[in-house]
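Everything below concerns the one structure shown next.
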Amino acid sequence: MIRIVIADDHTIMREGLKRILDGAPDIDIVGEAIDGFEVLGHVRQGGFDLLLLDLSMPGRSGVDLIRQIKAEAPKLTILILTMHEEEQYAVRAIRAGAQGYLTKESAGTQLVGAIRKVASGRPYISTEVAEQLALNIMMPHESLLHKQLSDREFEVFSLLVAGRSITEIANSLHLSVKTVSTHKTRIMQKMGMSSLSEMVQYAVAHRLLSPFKT
């Protein structure tokens, strides 16, 4: 039996996932979480094998949350289920310690198979993500501008181009406004840009404008 915790702040999404998994006799949903703090609470309590994790939730989330989970429970299997389709999100999540990456659009047909695969110790990634990972290994210095950003900078960049204000980002990531402003400055320096509109245009051109939930 694969015991899983579903972490997603949308009730409708959690209910939909439970319906998808109802027909799998080897999968048992033992808990739910609506934000990063509840996720960490489940991790510290233990008693489950796999965390089905949304990348964008209130509180701690994204790559930062994955890293903390793996630091506290290195053997826990993490399967990312997200709206983000761009491979760069998957590459960063896998590098942080996730064993699999699945878009919500594919959940209806691929979720059960993905859970079984990562629970057996094998990775679950799309062909596109596998290709991107291979390219990163083969050509580590041949990078697009956004690949020069640290994981935290990339997270801030993603929120900025999605229309979030500095204050909103600070509240979402539990950082100070000054820290977020510093990240923004460093992002613009690294990417050689002088305005937010340039960042948005770049994000659109490289399919980095994924929807963020409020």
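Data table
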| read-out | value |
| --- | --- |
| Rg to Rh quotient for the range 145-206, alpha carbon positions, Kirkwood Rh | 0.93 |
| Hits among lysines - C-alpha to C-alpha of Lys147 under 17 Å, sequence gap 8 or more where chains match | Lys184, Lys190 |
| Student exercise, the range 2-135 dipole from Lys, Arg, Asp, Glu Cβ charges, in Debye to nearest 20 | 480 |
| Amide H contacts of Arg3 (H built 1.01 Å from N, under 5 Å, at least 5 apart or other chain) | Asp28, Asp49, Leu50 |
| Normalised contact order of the range 26-120, rounded percent, pairs of Cα under 8 Å and 6 or more residues apart | 25 |
| Virtual spin-label span in nm between Glu15 and Lys75, 7 Å along Cα→Cβ | 3.7 |
| Gyration tensor (alpha-carbon) shape descriptor, the chain, a/c threshold 1.5 | prolate |
| Length added when fully stretched, Asp64-Glu131, from 0.36 nm per residue minus Cα-Cα | 21.7 nm |
| Ordering of 46-56, 73-83 by burial proxy (mean other Cβ atoms within 10 Å per residue, highest first) | 46-56, 73-83 |
| Ile166 accessible area, 1.4 Å probe, all protein chains in place, Å² to nearest 10 | 40 |
| Size of electric dipole in the range 31-106: Cβ of Lys, Arg +1 and of Asp, Glu -1, about Cα centre, debye, nearest 20 | 360 |
| Student exercise, the range 145-206 dipole from Lys, Arg, Asp, Glu Cβ charges, in Debye to nearest 20 | 140 |
| Charge context of Asp49, other residues only, Cβ under 12 angstrom, K/R +1, D/E -1 | +1 |
| Positive minus negative residues near Thr109 (Lys, Arg vs Asp, Glu; Cβ under 15 Å) | +3 |
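The values are calculated or read from the model by the stated rules, or taken from the named source; none is laboratory data. Because the structure is predicted, anything quoted here is derived from the model rather than measured. Glycine also receives a Cβ, built like all others from the backbone with ideal geometry; neighbour counts cover every protein chain displayed. Quick note on the areas: whole protein, heavy atoms, side chains included, nothing else; ligands and nucleic acids left out. Shrake-Rupley method; radii C 1.70, N 1.55, O 1.52, S 1.80 Å.
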